[in-house]
Amino acid sequence: QVQLVESGGGLVQPGGSLRLSCAASGFSFSAYGMSWYRQATGKEREFVARISGNGQSTNYADSVKGRCTISRDNNKNTVYLQLNTLKLEDTAVYYCRRTNSNFWGQGTQVTVSS
């Protein structure tokens, strides 16, 4: 069965960086685009970034563009989200998703606080 397991979240000061990982299993990873979303307390889940199956195409939300890089390693069945210059408003649970599917990970908490 499809499994998506995020890791790498934590507490970081404003201006800091984190790299999130999402390990995938149960499907042909390189055949599917992958996405990251986030949900802050009391807010709706929002799109952050997506990457195509071969990694050649990426898209970002305006709120993270220039501060965020999505990448993938198809040999490791893992998609990454590098977050830089973190802001207080980046605090959220971050989820990975197999793009355009109902397959989501359980989420990893990112807290930006001084």
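Largest accessible area first, the residues D90, D62, D73 order themselves as D62, D73, D90 under a 1.4 Å probe with ligands, DNA and RNA left out.
Were the residues from S63 through K43 laid out at 0.36 nm apart, the gain over their Cα-Cα distance would be 5.7 nm.
Backbone geometry of the stretch 70-84 corresponds, through the Karplus equation with coefficients 6.51, -1.76 and 1.60 at θ = phi - 60°, to 3J(HN,Hα) couplings of 9, 8, 8, 10, 6, 6, 9, 6, 9, 10, 10, 9, 8, 10, 10 Hz, x marking Gly and Pro. Per-residue packing, averaged as other Cβ atoms within 10 Å, sorts the ranges 47-58, 94-105 into the order 94-105, 47-58, beginning with the highest.
Here E89 sits with roughly 120 square angstrom of accessible surface, probe radius 1.4 Å. In this label model, W104 and L88 are separated by 2.7 nm, measuring between points 7 Å along each Cα→Cβ vector. At the residue level, K87 shows approximately 80 square angstrom of accessible surface with a 1.4 angstrom probe and all protein chains present. Across the stretch 55-65, rounded Karplus estimates of 3J(HN,Hα) from the backbone phi angles (6.51 cos²θ - 1.76 cosθ + 1.60, θ = phi - 60°) give x, 7, 10, 9, 9, 9, 5, 4, 5, 10, 4 Hz, Gly and Pro being marked x. Surface calculation, 1.4 Å probe, protein heavy atoms: L18 sits at approximately 30 Å² accessible. Taken over the stretch 23-88, the alpha-carbon convex hull comes to 99 cubic angstrom per residue. When you restrict to C-alpha pairs under 8 Å that are six or more residues apart and normalise by the size of the chain, the relative contact order lands at 37 percent. Among A23, A61, A92, which one moves the most in a GNM of the chain with springs linking Cα atoms closer than 10 Å? In this elastic network of the chain, the residue with the biggest mean-square fluctuation among A23, A61, A92 is A61.
The values are calculated or read from the model by the stated rules, or taken from the named source; none is laboratory data. Since the structure is predicted, the reported quantities are computational estimates derived from the model, not experimental observations. A quick note on method: Cβ atoms are made from the backbone with ideal geometry, for glycine too, and the neighbour counts reach across all protein chains shown. Accessible surface areas use protein heavy atoms only, side chains included; no ligands, DNA or RNA. Shrake-Rupley method; radii C 1.70, N 1.55, O 1.52, S 1.80 Å.
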